[in-house]
Amino acid sequence: MLSAIVVLPLLGAIVAGLFGRMIGHRPAEIITTGLLVLSAVLSCAAFGKIALGGEPVTLTVFTWITSGTFDVTWSLRFDTLTAVMLVVVTGVSSLVHVYSIGYMHEDPHRARFFSYLSLFTFAMLMLVTADNFLQMFFGWEGVGLASYLLIGFWFKKPEANTAAMKAFIVNRVGDFGFALGIFAIFVVFGTLSFDEVFSATPAMVGTTIDLGGFKVDTLTAICLLLFMGAMGKSAQFLLHTWLPDAMEGPTPVSALIHAATMVTAGVFLVCRASPMFEHAPDALMVVTIIGGVTAFFAATIGMFQNDIKRVIAYSTCSQLGYMFFAAGLSAYQAAMFHLFTHAFFKALLFLGAGSVIHAMHHEQDMRKMGGLAKHIPVTWALMLVGTLALTGFGIPHVIGTAGFYSKDAIIETAYAAGPGLGWFAFIMAISAAFMTSFYSWRVMFMTFHGKHRMDEETLSHVHESPTVMMIPLYILGIGALVAGIAFYQYFIGEAEHAFWAGSIFVAEGHNALEARHHVPEWVIMAPLTVTVMGFLVAYYFYIRRPELPAQMAAREGMGYTFIYNKWYFDEIYDFLFVRPTQALGRFLWKRGDQGVIDRFGPDGIAARVMDVTRRAMRLQSGYIYHYAFVMLIGVAGLVTWLMFAGGAQ
C-alpha cells in the first residue's frame, strides 16, 4: 500500500505522457486524476496508521549505488513527518487534477498538462519519502524539472518561457549549495543515510572543516549549505525573485507549486534535518533572520500588486517566512502545523482566483474587476473563507480558522523565545500580519465589492465555474475552517510529543514552543488586533474612499514606487548578474569562438586546407600546354636548386 502511494502518480504520468495522443485527452484526464485520488486516499490511511497510530515504516526497494565505501540504497521512509507531507502533497495534487479538468478543458494539450502534473507529484513524493540525502536530491531536482515544464506549459508565450527559465536558474543557485552540503556530509560522516548521519551528529559538535581554505564549524557549514537549497526552493529572501513570475503558468500550477508542494520542500528539509540544525545554533540564527525578513518584505510587496495571482504568490512567500523562522526558533512542530493548514487555505485562494479569472475570461488585473460578489456568490463565499484563514482570524481562547491556530502559535513562540532573535521575529511577524490582513482584504474588496470596472460585455458573461471546478473549492474550504482545531492537539498540543516522536528532534533547553503557553495576554491578542486594523485600513481605502489609492499611486511617492517595484530586486540582479553574464557570453562568442576557435582552431585549419585545395584544383585545367608549362617550371626550379646547393661540379 505504501509504495503504491509513490508509484501511482508515476504510472499516470507515463500513461498520459507517452500514450496521451493514442488514448485521447479525456481518458488521460480520468486516468491521471483517478490514480492521484487513489494515492490521496492511501495517504490518508497511511497518516492514520503511521502518524496517529505511531507505526513508522521503512521499505528498502533496491540497492541504488555501490562504489567502494559509497553505498546508497533506495528506501522509502514513512514516519510522521513523511505522513503529513503525503496528505498535503497528494491531497492538494488530486484536487488540482480534478479542478484542471474544468479549467483546462479548452486547451489542446491537456494530456501533456496532466502528465506534467502527475510527474511533479511523483517527484515531490520521492522527495518526502527519501531515506537519505542523495535520494532526496533526486526528488528535489525532479521537482525543479517538473516545475519548469509546468510554468512554461504555454511555451508560445514569451513571458511563460522567461518565467520558466528564471525559476529553473534561480533554483539552481540554491541547489548548488544543497549539493555542496551533501558532498560535505559524505566527506564528514562517510554516509548519506539519515539515521546514520543524525546519530553521528552529536560527535561532530565543535569540530571544524576546511571550506575554501578557511576553517569553519562543521555542522554550521553543512546546515547553511542545506539551508541555501531550502532558500531557493522555498523562495526566501534573496532567492525569491522566481516566485511571482511563476504566475505565468496556468492557475492550477500556481496552486500546486505555491500552495502545498514545491515551495514547502525547503521547510520540510530543515525539519527533516532538525537533528543537525539543533546542534548548529549559528545556522538556526540565520534561518530565523532570513525567515523573519522574508515574512516582512514579501508582505510589503503584496500590498501594492494588482495581479490577483501575484498578490497571493507574495502571501505564500511571506507565510513561508513564518514557517522558517519558527523552525529557526526550534519550533519545527509549529512550522509543520502552519505548512499543513496553509496548504488548505492557500490552495483555496489560488483555485478561487482561478475561478474568478475563468469567469472574467482570463483577466487577472484587479483594477478591471469589482462588484463580482453578486455575480459569482459561491466563489466569493469560498474566497472569503480562504481570506479569513490566511489572515489568521479567530477569537483567542474560543475558536478560529485554520490559520488562526498555526499562525498565532508561531507568533506566540517568537515572543516566548525572548529578547534578541525571538523578539525580532515577533516584530516581523506582527508587522507582516497587519500587511497580510490589508492586502488580503484589498483583494476581496477590489475583486468582489464596489463598482464594477469592466466593460458591459465582459460583465454579461460572468458566471460561476462548472461543478468540477467547484468541488475542490468546497473540500479546501472545509479544511481551511476546521484543519486547525482538528489537528491542533497532535501537532502542537498535548499529544505533540507522541505524534512527532522519532521524526523531529528538539535539543534540551530549546523550549520556546512550550513557553508560548505563558506569554502575556497582550501577545495573544496582538495578532487579532493587527488583523482587524488591516481590515479597517483596507475597508477605508477600497470601500469608503476608493478614489484614494489611484490618487496616491499617481503621485509616485518614493515609498510607493520602491515597494511597487518589488524593492528593485529584479533590476539589481539584472545589473549585477544578468547583464555581465550576457556581456561575457557575447565576448566569448565573438572574440573567443569566432575570433580564435573558428579562425585558428578546427574550423580555421579546415578552411586553410580548403583554400590550398582550391588553388591546387586550378592547376587541373585539362590543357596540355598548361601541364607542359608546369613541367618546364618544375625542371627550371630543380636545376636552380642543384646549382645553388652545390650539386653540379
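The values are calculated or read from the model by the stated rules, or taken from the named source; none is laboratory data. What you see is a predicted model, and the numbers here were worked out from it, not measured in a lab. Backbone-built Cβ (ideal geometry, glycine too); neighbour counts: all protein chains shown. Accessible surface is based on the protein model in full, side chains and every heavy atom, while ligands, DNA and RNA are left aside. Shrake-Rupley method; radii C 1.70, N 1.55, O 1.52, S 1.80 Å.
Determine, yes or no, whether G502 is surrounded by fewer than 21 Cβ atoms within 10 Å (Cβ to Cβ), within 30 Å of the chain's Cα centre (by Cα) and outside any helix (DSSP H, G or I). Yes; evaluated as a whole, the condition is true for this residue. When restricted to residues that are in a helix (DSSP H, G or I) and among the charged types (D, E, K, R), the stretch 324-374 contains 3. The lone criterion from (1) polar (S, T, N, Q); (2) open to solvent by 20 Å² or more (accessible area, probe 1.4 Å); (3) more than 30 Å from P546 (Cβ to Cβ) left unmet by Q364 is number (3). Restricted to the stretch 335-349, and to residues that are of a type in the set (F, W, Y) and open to solvent by less than 10 Å² (accessible area, probe 1.4 Å), which residue is nearest to Y405 (Cα to Cα)? This residue is F337.
Scan the stretch 561-572 and give yes if some residue there is in a helix (DSSP H, G or I), closer than 30 Å to H452 by Cβ and open to solvent by 60 Å² or more (accessible area, probe 1.4 Å), otherwise no. Scanning the stretch 561-572 turns up at least one residue that is in a helix (DSSP H, G or I), closer than 30 Å to H452 by Cβ and open to solvent by 60 Å² or more (accessible area, probe 1.4 Å). Inspect the stretch 527-534 for any residue being without any contact (Cβ under 8 Å) to a residue 12 or more places away in the chain, in a helix (DSSP H, G or I) and either touching a Lys or Arg at 6+ places or on another chain (Cβ under 8 Å) or open to solvent by 80 Å² or more (accessible area, probe 1.4 Å) (or both) and give the result as yes or no. No, the conditions are met nowhere in the stretch 527-534.
Selection of the stretch 605-627 for residues being part of a loop (DSSP other than H, G, I, E, B) and surrounded by 10 or more Cβ atoms within 10 Å (Cβ to Cβ) yields only S621. When V263 is tested against (1) part of a loop (DSSP other than H, G, I, E, B); (2) within 12 Å of the chain's Cα centre (by Cα); (3) β-branched (V, I, T), just one condition goes unmet, and that condition is (1). Pairs linking a residue in the stretch 140-152 that is more than 16 Å from P9 (Cα to Cα) and free of Cβ contacts under 8 Å to residues at least 24 places away in the same chain to a residue that is surrounded by fewer than 24 Cβ atoms within 10 Å (Cβ to Cβ) and of a type outside the set (D, E, K, R), with Cβ atoms under 7 Å and 6 or more positions apart or on different chains, are Y148/F168. Of all residues in the stretch 285-298, none satisfies being under 15 Å from the mean Cα position of the chain (by Cα), part of a helix (DSSP H, G or I) and either surrounded by fewer than 24 Cβ atoms within 10 Å (Cβ to Cβ) or without any contact (Cβ under 8 Å) to a residue 12 or more places away in the chain (or both). Would you please name the residue that is nearest to L339 (Cα to Cα), looking only at residues in the stretch 427-463 that are of a type in the set (D, E, K, R) and either in contact (Cβ under 8 Å) with a residue 12 or more places away in the chain or in contact with a His (Cβ under 9 Å, 6 or more places away or on another chain) (or both)? My answer is R442.
Taken over the stretch 390-407, the residue count meeting the criterion of being out of contact with any Lys or Arg (no Cβ under 9 Å at 6 or more places or on another chain) and crowded, with 24+ Cβ neighbours inside 10 Å is 7.
Out of the stretch 146-165, which residues are touching a Leu at 6+ places or on another chain (Cβ under 8 Å) and not small (G, A, S)?
Passing the criteria: L149, L150.
Do the conditions hold for M22, that is, is it open to solvent by 80 Å² or more (accessible area, probe 1.4 Å), within 21 Å of M124 (Cα to Cα) and among the aliphatic types (A, V, I, L, M)? For M22, the condition - open to solvent by 80 Å² or more (accessible area, probe 1.4 Å), within 21 Å of M124 (Cα to Cα) and among the aliphatic types (A, V, I, L, M) - is not met. Does G392 satisfy the condition of being closer than 28 Å to C271 by Cα, of a type outside the set (S, T, Y) and not in a helix (DSSP H, G or I)? In short, yes. Among the conditions (1) under 16 Å from A483 (Cα atoms); (2) free of Cβ contacts under 8 Å to residues at least 24 places away in the same chain; (3) of a type in the set (D, E, K, R), K346 misses just one, which is (2). Residues in the stretch 103-122 that are open to solvent by 10 Å² or more (accessible area, probe 1.4 Å) and under 17 Å from the mean Cα position of the chain (by Cα): 3 in all. Any chance the stretch 485-498 includes a residue that's modelled with pLDDT of 90 or more and open to solvent by less than 20 Å² (accessible area, probe 1.4 Å)? Scanning the stretch 485-498 turns up at least one residue that is modelled with pLDDT of 90 or more and open to solvent by less than 20 Å² (accessible area, probe 1.4 Å).
Restricting F434, F445, F426 to those that are surrounded by fewer than 24 Cβ atoms within 10 Å (Cβ to Cβ) and under 16 Å from A299 (Cα atoms) reduces the list to F434. Cβ-Cβ distances below 7 Å connect the following pairs, each with a first residue in the stretch 240-259 that is charged (D, E, K, R), a second residue that is surrounded by fewer than 24 Cβ atoms within 10 Å (Cβ to Cβ) and modelled with pLDDT of 85 or more, and a separation of six or more residues or different chains: D245/A163; D245/K166; E248/K157; E248/E159; E248/A160; E248/A163. If you go through the stretch 107-118 one residue at a time, do you hit one that is in contact with a Lys or Arg (Cβ under 8 Å, 6 or more places away or on another chain) and not aromatic (F, W, Y)? Yes, there is a match, as at least one residue in the stretch 107-118 is in contact with a Lys or Arg (Cβ under 8 Å, 6 or more places away or on another chain) and not aromatic (F, W, Y). As a summary of the residue check, Y573 satisfies the conditions (1) over 30 Å from S318 (Cβ atoms); (2) touching a Ser or Thr at 6+ places or on another chain (Cβ under 9 Å) except for the one numbered (1). Being touching a residue at least 24 places away in the same chain (Cβ under 8 Å), on the phi > 0 side of the Ramachandran plot and surrounded by 24 or more Cβ atoms within 10 Å (Cβ to Cβ) is the requirement here; does G354 meet it? Judged against the criteria, G354 is not a match.
Within the stretch 415-426, residues that are closer than 14 Å to A331 by Cα reach partners that are open to solvent by 40 Å² or more (accessible area, probe 1.4 Å) and assigned to a helix (DSSP H, G or I) with beta carbons closer than 8 Å, at six or more positions or on different chains, in the pairs Y415/W423; A416/H518; A417/W423; L421/M285; L421/I289; G422/Y415; F426/Y415.
Note on the stretch 142-247: enclosed helices (runs of 4 or more DSSP H) holding 1 or more residues that are closer than 27 Å to T294 by Cβ and open to solvent by 70 Å² or more (accessible area, probe 1.4 Å) are 158-189.
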